[in-house]
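Comments concern the structure below.
Read-outs: derived from the displayed coordinates by stated rules, not from any lab. Treat the numbers as computed from the prediction; the structure is a model and nothing was measured. A quick note on method: Cβ atoms are made from the backbone with ideal geometry, for glycine too, and the neighbour counts reach across all protein chains shown.
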Amino acid sequence: MPLLLQNVLLDDREPSLVAAAVLALPPERIRSAEVVRRGVDARAKSAVWRGNIKVELDDREAEVLASDVPGVRAWTERDEARRVGSFPAHRRAWPTRPIVVGAGPAGLFAALRLMEAGAPVLLLERGEPVETRVGTVAGFWRGKPLNPDSNLLFGEGGAGTFSDGKVYTRRRDGDLGWIFRHLVDAGADASVLDESWAHLGTDKIRKILPVLRQRLIAGGGEVRFNARVVDLIVHAGRCVGVRLANGEELLGGPIIVAPGHSARDSIAMMLRAGAVGELRPVAIGARIEHPQALIDAGLYPGGRGKLPAASYRLAYNPPGARSAYTFCMCPGGMVVPAQHEPGSNVVNGMSFASRRAGWANSAVIVQVGPEDYGATDASAGQRFQARIEAEAYRLSGSYAAPAQRVDDFLADRLSRELPKSSYPFGLVPIELRALLPAAVIEGMKGAIRAFDEKIPGFASGAGVLIAPETRTTSPLRLLRGDNGESPTLPGLIPSGEGAGWGGGIISAAHDGFTVAERVIG
Ligand SMILES: Cc1cc2nc3c(=O)[nH]c(=O)nc-3n(C[C@H](O)[C@H](O)[C@H](O)COP(=O)(O)OP(=O)(O)OC[C@H]3O[C@@H](n4cnc5c(N)ncnc54)[C@H](O)[C@@H]3O)c2cc1C
């Protein structure tokens, strides 16, 4: 009978030696031991790794220990299900070919699920396959023109490709386990199944994507890149196909459109065809970047040792004022330009699997809502974001990002000099209050001062704010009925973050899975 040892201190020793010590047994009595969940416990005086260990012992010995040793219990079937993550699809016949628009996490995982159910699914992506997309992004950073169809946001893997690849979820079982299992089978480190603050890193994601693509094709799916959908074909009130930018018409159904929140043209296309949506709040602000050593010192007062680059998630909720929080923290990462159209500046954060860069960054953001957008039509939130992004370009006069040292930002003065930064296009000193709404500036100031109490130096001149961070999520949710279809345009299924049904890699992938299951069912 296997046992589960919960919340044990993990050090440099083999799991079997840790387990033997916890159970007070000679090591030779442990048949096998593996870590099945782990995370950094920063509450201890010196931060440490803690986690759960699955142990195999002689059955009778295990039975006694399961009831006698605190923190030890029998390994259950549910524990096993969490580990395996298998979730078989119901196969059926397909009278029409489902079409999925967008190969981001939502579209890709929707297509994979449909393929598993036997569907001859067609996946259309406006950008390039990841192998060429990487070169296109690098070319832009070196000064080539921005490709509006293949960039940091568009192309295979969507916005998740050039990301930190954080895959934090409370559960890793059932349908979520299905997603994690696909990632691991395609090359992700198996530790993502177990680590509470798991991340993939952009370099790993770039290797995983071609494997998932091959799996889709081998299972009977088709993938087309450089295939921008410009119109939905509607016949007798039903969405029955798509028209590509080259004029080609492709018929099928249902049509799942998962364009991400930056493809404003694709969201407009769905509205034009008859989909309806409702405005939602988003949060905007700027990326804050510090030396990683400052964050490590604040969060690991006993020293970092062999622990990973320290990470934080902070929130500030003043009574009667707008709350602010940090978002998408990238330890050991870099701040990246995240625009999809020329003449605009937007920033975001990315990291490699090793998280070895000398900087730590996160977004410090404040909620804004329809009352700030200046209009109430479905595109009002997107225009609000676009105005700030265009203004950021106008103020800096280039793809260099508007920036302000943190102490200068708090004192309302222009920075004379800016700290060294990871941002590939460089920074231009700008007073951020000329760019962001006053309520956002006030919320950010309060939050940064409060966060300084948790991480000493957070509000100091060692940090720099790089703006604007406007695309944290979609300001519009496209409505769906119980079957996942638009209630006003049957045959169309809006999915993922752009449709307002996900925020983050795993939640968008999960939405893709969910809509695919409704189609299959
Ligand atoms: C730099 C950066 C870092 C991030 N870091 C993290 C992180 O660490 N963890 C996390 O959980 N999330 C992170 N995110 C957010 C995450 O990437 C998104 O939430 C997620 O990718 C949304 O998935 P999606 O499939 O809904 O949309 P997207 O990933 O945006 O994919 C949409 C796809 O649709 C394609 N498309 C759009 N319109 C058309 C059309 N008309 N025809 C054909 N194709 C079209 C696009 O080219 C794109 O490839 C990050 C985002 C960025 C930009």
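Were the residues from Arg280 through Glu417 laid out at 0.36 nm apart, the gain over their Cα-Cα distance would be 45.6 nm. Relative contact order of the chain: 17 percent, from C-alpha pairs under 8 Å at least 6 residues apart in sequence.
In nm, to one decimal, how far is the Gln6 label point from the Ala438 one, both placed 7 Å along Cα→Cβ? It is 5.2 nm. The trypsin sites (Lys or Arg not before Pro) found in segment 383-440 that occupy coil by DSSP, while having at most 13 further C-beta atoms within 10 Å, are Arg413, Arg416, Lys420.
Between their Cα atoms, which of Lys144/Lys166; Lys144/Lys420; Lys54/Lys306; Lys204/Lys306; Lys420/Lys454; Lys207/Lys420 are more than 26 Å away from each other? In this structure, Lys144/Lys166; Lys207/Lys420 exceed 26 Å between Cα atoms.
Taken one residue at a time, the phi angles of segment 275-292 give Karplus couplings (6.51, -1.76, 1.60, θ = phi - 60°) of 6, 10, x, 10, 5, 9, x, 10, 10, 9, x, 9, 7, 10, 10, 10, x, 4 Hz. Gly and Pro are set to x. Here the chain carries DSSP beta bridges of which approximately 80% are antiparallel, counting only pairs with both residues inside.
For Asp58 and His90, what does the FRET efficiency come to when R0 = 45 Å and r is the distance between their Cβ atoms, rounded to the nearest 0.05? The computed FRET efficiency comes out at 0.65.
Decide, for the chain, between rounded, prolate and oblate: order the square roots of the alpha carbon gyration tensor eigenvalues as a ≥ b ≥ c, take rounded if a/c falls under 1.5, and otherwise choose prolate if a/b is larger than b/c, else oblate.
Note, shape of the chain comes out oblate.
Peptide packing: for 288-297, 51-60, 303-312, 20-29, the average count of neighbouring Cβ atoms within 10 Å per residue gives the ranking 288-297, 51-60, 303-312, 20-29, highest mean first.
What separates the Cα centres of segment 429-444 and segment 167-204 is a distance of 37 Å. Take the Cα radius of gyration of segment 2-75 and divide it by 2.2 N^0.38 Å, N being the number of residues; the result is 1.06. Each distinct pair of alpha carbons in segment 281-469 adds a 1/r term; the inverse of their mean, the Kirkwood radius, is 16.6 Å. A straight chain from Arg243 to Tyr168 at 0.36 nm per residue would run longer than the Cα-Cα distance by 23.3 nm. Between the alpha-carbon centers of segment 48-78 and segment 310-324, tell me the distance in whole angstrom. Taking the Cα centre of segment 310-324 as reference, the centre of segment 48-78 is 39 Å away. With θ taken as phi - 60° and the Karplus curve 6.51 cos²θ - 1.76 cosθ + 1.60 applied, the whole-hertz 3J(HN,Hα) list for segment 258-265 is 10, x, x, 7, 8, 7, 5, 5 Hz, x standing for glycine and proline.
What FRET efficiency comes out for Asn483 versus Glu28 if R0 is 51 angstrom and r is the Cβ-Cβ distance? Round to the nearest 0.05.
0.30
Taking the centroid of alpha carbons for each part, segment 131-151 and segment 354-378 are 24 Å apart. Note on Glu371 and Val230: their simple-model spin labels are 4.2 nm apart, each label 7 Å out from Cα toward Cβ.
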